[in-house]
Structures are given as C-alpha cells and as structure tokens.
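K.L.:
Would you mind keeping the following structure in view while I ask a few things?
Every number here is computed from the coordinates shown, using simple stated rules; none is lab data. None of these values were measured; they are calculated from a predicted model. Cβ placement follows ideal geometry from the backbone for every residue including glycine, while neighbour counts extend to all protein chains displayed.
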Amino acid sequence: MTPLSPQARARDLPGVLATGWALLDGRDAIRKVWRFADFAAAWGFMCRVAPIAERLDHHPEWTNRYNIVEVTLITHDCGGLSDLDLALAQEMDRLAGDTPLAAASAPTSCEERAARR
Ligand code: H2B
C-alpha cells in the first residue's frame, strides 16, 4: 500500500476531517471517538464495521468502553495514511449515522444513566 500522495491528501483529507476525524500529533493517522446510546449500540456498530474491514483487508485500531468507541485509522504497511484509511473512515461514518462524537473517551456515567430513566 502506498501512502496518500500530496495531491490525494489535499483533495480527499479535508472532507474526512470535516466530519470530525482529527489528525494525530506525531503520527500520520486519524482518530474519531463516538458516543453511542449504550453498549449494545456501540458493539452493534463494531459488528457492522468488522466485515467491511475484512473486505477491505484494512483494520482499525479501536477500543470500546461501555458506550464509547474510539478509533484510530492508519495503514501499518506504509506507516501513515493511505486511500484505505479514507475509504474505511467513510464506511464507518456511514454506519455511525448521526451518532454524536465524544470529546474524550469517558463512557456514560451511572449518574447520566440514572438521569435518563
Ligand atoms: N490494517 C491496517 N490498518 N493497516 C495495514 O497495513 C494492514 C491492515 N495490513 N490489515 C493488512 C491487514 C495485512 O497485514 C494483511 C496481511 O493483508
């Protein structure tokens, strides 16, 4: 896999960043944190992403903590961003729909859950 060319980077990256993906410091990668309604919604999202990652043969670095899914996309084979990261980012955005983003990766607390009941 070849890294994103400067031309592709200038053409394609801004649109991805506009949806809430952010470039990391010190690593040519993008990161996004979603805050789902609950664990089932977070896990369901990950289950829907998994076969797409397999089809692309491109796999996210991700963690789940209760309702939070934190994702970093990078192409390990080239040590930075490639077209595959942008393709996977778009698929993940499509599957996440209007799920809100989280500034930090703290899950919903007991208090917040209680307040919803
Ligand atoms: N995923 C990511 N994010 N980067 C890669 O370079 C990568 C991958 N390489 N998934 C694939 C698997 C490679 O290891 C296999 C052998 O095709």
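K.L.:
Students often check this: by mean Cβ neighbours within 10 Å, which of 47-59, 24-36, 83-95 ranks highest, and how do the rest follow? Display every interim value, and only then the final one.
P.N.:
Numbers: 47-59: 13.2, 24-36: 16.8, 83-95: 18.5.
Top to bottom by mean Cβ count within 10 Å: 83-95, 24-36, 47-59.
K.L.:
Between the stretch 33-50 and the stretch 56-76, how many Å separate their Cα centres?
P.N.:
11
K.L.:
Against the longest alpha carbon principal axis of the chain, how many degrees, from 0 to 90 and to the nearest 10, is the axis of helix 39-56 turned?
P.N.:
20
K.L.:
Just need the relative contact order of the chain here, percent rounded to a whole number, with Cα pairs under 8 Å and 6+ apart. Could the numbers behind the result be given before it?
P.N.:
Working: 159 pairs, mean separation 37.9, N = 117.
Rounded, it is 32 percent for the chain.
K.L.:
Which angle between 0 and 90 degrees, to the nearest 10, do you get for helix 6-17 versus the longest principal axis of the chain when only C-alpha atoms count?
P.N.:
The helix 6-17 is inclined about 10 degrees to the chain.
K.L.:
Provide the gained length on full extension for the span THR63 to ALA40, in nm with one decimal, where the gain is 0.36 nm per separating residue minus the Cα-Cα distance. Write down the numbers at each step before the final one.
P.N.:
Values: separation 23, 0.36 × 23 = 8.28 nm, distance 1.44 nm.
Length difference between fully extended and current span is 6.8 nm.
K.L.:
Using the Cα atoms as the points, what is the convex hull volume per residue of the stretch 9-117 in Å³? Let's see the in-between values first.
P.N.:
Details: hull volume 11.0 nm³, N = 109.
About 101 Å³ per residue, rounded to a whole number.
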